[in-house]
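Chemist: What follows is a structure written as structure tokens; I'll ask about it next.
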Amino acid sequence: MKPLLALTLGFLGLFSATLSAGVVTENGRLRVEGNRIVGSHGDPVAVAGVSHFWSQWMGQYYTRETVDWLVEDWNITLTRAALGVHPDEGYQQSPQREFKKVQAVVDAAIANDVYVLIDWHDHHAENNLSDAIAFFTVMAQIYGDQPHVIYEIYNEPLKVSWSKVVKPYAEKVIEAIRKHDPDNLIVVGTPYWSQRVDEAAADPIDDPNVAYSLHFYAGTHGDDLRARATQALEMGVALMVTEWGTVNANGDGDLAYDSVAEWMDFIATNQLSHAAWAVSNKNEGAAILKPHVTTISGWTEDDLTESGLFLRNLLREGVRP
Ligand code: MG
């Protein structure tokens with residue numbers, strides 16, 4: 001390489017961290033092709049990051065400052081705004097407040113050139129269809145042209161039928177989104193806390209850009225769930241791990257290092273994107289922050305829980321168990 005060119009590239013490299021060009025500029029709008037999610041270039045894209053916690057209970061992290069820090073210090077390429085929909089408290093009780101939180105994270109993701117999941121974080125979305133349609137209609141109107149945005153229209157259905165309950169809900173929400181956004185990726189949760197991807201694969205939604213959510217908690221889930229996911233992939237659908245945990249399915253317990261290692265192998269083999277639960281200082285194993293930590297960015301290693309430290313190393317350095 002000619003010295004002048006090398007010098008110029010070195011100079012550009014110095015400043016690359018401050019330029020906004022990132023993973024979305026590099027890969028464009030995501031789309032499903034066969035059982036993979038690919039970029040505008042046609043090659044598989046797998047991005048990774050951490051999910052925010054239920055917006056109504058950890059709203060302090062729904063800020064530009066927190067997302068900036070996670071991009072800068074954790075190297076996240078995917079974030080997830082979890083709009084809390086719950087009978088006690090959340091979007092339906094305080095729609096404007098919760099909407100603004102989600103919008104803050106989505107805008108911050110766009111400013112940082114990373115992907116963002118707009119997650120309808122609900123366990124009974126089939127009962128809240130009209131609210132979901134209204135919410136995603138507005139989101140599609142505002143963000144439908146942004147390649148950063150991925151709609152996650154149902155976090156975790158419970159013990160309900162895919163074909164009779166979840167799929168009909170999803171088709172109506174997708175129809176509403178597609179009126180304003182014909183092409184962005186939509187991810188649909190699957191029954192039994194987004195573990196029955198095989199049921200969705202057996203009766204997929206008729207839309208060219210839909211993938212299905214696979215959720216796992218390493219302390220609880222292993223070979224059986226991976227077998228169902230493999231079956232779904234072999235049936236030709238694309239999957240995204242929009243939520244996973246290093247601990248037990250209740251969000252607590254010790255970090256399950258051996259099981260996380262097996263899951264990371266599976267994720268790498270199948271080129272899956274993933275977002276870990278959760279940006280939170282709740283006193284539980286899945287939280288990335290210790291309970292006494294009240295800052296919303298600039299965390300030291302001592303501020304992070306065991307899970308937080310592990311995830312930061314995984315995302316920053318690719319360090320695996
Ligand atoms: Mg679009």
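The values are calculated or read from the model by the stated rules, or taken from the named source; none is laboratory data. Being a predicted model, the structure only gives us computed values, none of them experimental. Here the Cβ positions follow ideal geometry from the backbone for every residue, glycine too, while neighbour counts run over all protein chains shown. To get the accessible areas, we keep the full protein, side chains included, count just its heavy atoms, and leave off ligands, DNA and RNA. Shrake-Rupley method; radii C 1.70, N 1.55, O 1.52, S 1.80 Å.
Chemist: Take the range 231-259 and flag every residue that is within 25 Å of Val38 (Cα to Cα) and either surrounded by fewer than 16 Cβ atoms within 10 Å (Cβ to Cβ) or acidic (Asp, Glu) (or both).
Modeler: Gln231, Glu234, Met235, Gly236, Glu243
Chemist: Among the residues of the range 84-103, which ones are part of a helix (DSSP H, G or I) and either under 22 Å from the mean Cα position of the chain (by Cα) or surrounded by 16 or more Cβ atoms within 10 Å (Cβ to Cβ) (or both)?
Modeler: Once the filter is applied, which keeps residues that are part of a helix (DSSP H, G or I) and either under 22 Å from the mean Cα position of the chain (by Cα) or surrounded by 16 or more Cβ atoms within 10 Å (Cβ to Cβ) (or both), the range 84-103 yields Pro95, Arg97, Glu98, Phe99, Lys100, Lys101, Val102, Gln103.
Chemist: Would it be correct to say that Glu89 is of a type in the set (Asp, Glu), in contact with a helix residue (DSSP H, G or I) (Cβ under 8 Å, 6 or more places away or on another chain) and away from the ligand (no atom under 16 Å from the Cβ)?
Modeler: In short, no.
Chemist: Inside the range 147-172, can you point out the residues that are away from the ligand (no atom under 15 Å from the Cβ), assigned to a loop (DSSP other than H, G, I, E, B) and either open to solvent by 10 Å² or more (accessible area, probe 1.4 Å) or charged (D, E, K, R) (or both)?
Modeler: Hits for the range 147-172 are Glu156, Leu158, Lys159, Val160, Ser161.
Chemist: Additional query: Taking Val279 as the residue in question, decide whether it is surrounded by 20 or more Cβ atoms within 10 Å (Cβ to Cβ), among the β-branched types (Val, Ile, Thr), within 19 Å of the chain's Cα centre (by Cα) and under 21 Å from His121 (Cβ atoms).
Modeler: Judged against the criteria, Val279 is a match.
Chemist: Can you pull out the residues in the range 183-209 that are among the hydroxyl-bearing types (Ser, Thr, Tyr) and either within 16 Å of the ligand (Cβ to nearest atom) or open to solvent by 10 Å² or more (accessible area, probe 1.4 Å) (or both)?
Modeler: Tyr192
Chemist: How do the pairs read when you match residues in the range 134-146 that are of a type in the set (S, T, N, Q) and near the ligand (Cβ under 8 Å from one of its atoms) with residues anywhere that are open to solvent by 50 Å² or more (accessible area, probe 1.4 Å) and not in a helix (DSSP H, G or I), using Cβ under 9 Å and keeping only pairs 6 or more apart or on different chains?
Modeler: Final answer for the pair search is Gln146/Arg29.
Chemist: Being within 16 Å of the ligand (Cβ to nearest atom) and either open to solvent by 10 Å² or more (accessible area, probe 1.4 Å) or assigned to a helix (DSSP H, G or I) (or both) is the filter here, so list the residues in the range 116-133 that pass it.
Modeler: Those that are within 16 Å of the ligand (Cβ to nearest atom) and either open to solvent by 10 Å² or more (accessible area, probe 1.4 Å) or assigned to a helix (DSSP H, G or I) (or both): none in the range 116-133.
Chemist: Of Ala21, Ala6, which residue is more than 27 Å from Ile205 (Cα to Cα), in a loop (DSSP other than H, G, I, E, B), modelled with pLDDT under 95 and open to solvent by less than 80 Å² (accessible area, probe 1.4 Å)?
Modeler: Ala21
Chemist: Restricting attention to the range 38-80, which residues are open to solvent by less than 20 Å² (accessible area, probe 1.4 Å), touching a Lys or Arg at 6+ places or on another chain (Cβ under 7 Å) and within 14 Å of Ala238 (Cβ to Cβ)?
Modeler: Val38 - this is the single residue of the range 38-80 that is open to solvent by less than 20 Å² (accessible area, probe 1.4 Å), touching a Lys or Arg at 6+ places or on another chain (Cβ under 7 Å) and within 14 Å of Ala238 (Cβ to Cβ).
Chemist: Residue under question is Leu225, and the condition is that it be more than 16 Å from the ligand (Cβ to nearest atom) and open to solvent by 20 Å² or more (accessible area, probe 1.4 Å); does it hold?
Modeler: No: the conditions fail for Leu225.
Chemist: Residue check, Tyr212 against (1) open to solvent by 40 Å² or more (accessible area, probe 1.4 Å); (2) touching a strand residue (DSSP E or B) at 6+ places or on another chain (Cβ under 8 Å); (3) outside any helix (DSSP H, G or I), all met but one. Which one?
Modeler: (1)
Chemist: For the range 173-182, what are the residues that are without any contact (Cβ under 8 Å) to a residue 40 or more places away in the chain, within 12 Å of the ligand (Cβ to nearest atom) and assigned to a helix (DSSP H, G or I)?
Modeler: Of everything in the range 173-182, just one residue is without any contact (Cβ under 8 Å) to a residue 40 or more places away in the chain, within 12 Å of the ligand (Cβ to nearest atom) and assigned to a helix (DSSP H, G or I), namely Arg178.
Chemist: Does Ile110 satisfy the condition of being more than 15 Å from Ser55 (Cβ to Cβ) and either open to solvent by 10 Å² or more (accessible area, probe 1.4 Å) or not in a loop (DSSP other than H, G, I, E, B) (or both)?
Modeler: For Ile110, the condition - more than 15 Å from Ser55 (Cβ to Cβ) and either open to solvent by 10 Å² or more (accessible area, probe 1.4 Å) or not in a loop (DSSP other than H, G, I, E, B) (or both) - is met.
Chemist: From the list Glu65, Glu89, which residue is of a type in the set (Asp, Glu), in contact (Cβ under 8 Å) with a residue 40 or more places away in the chain and over 22 Å from Thr269 (Cα atoms)?
Modeler: Glu65
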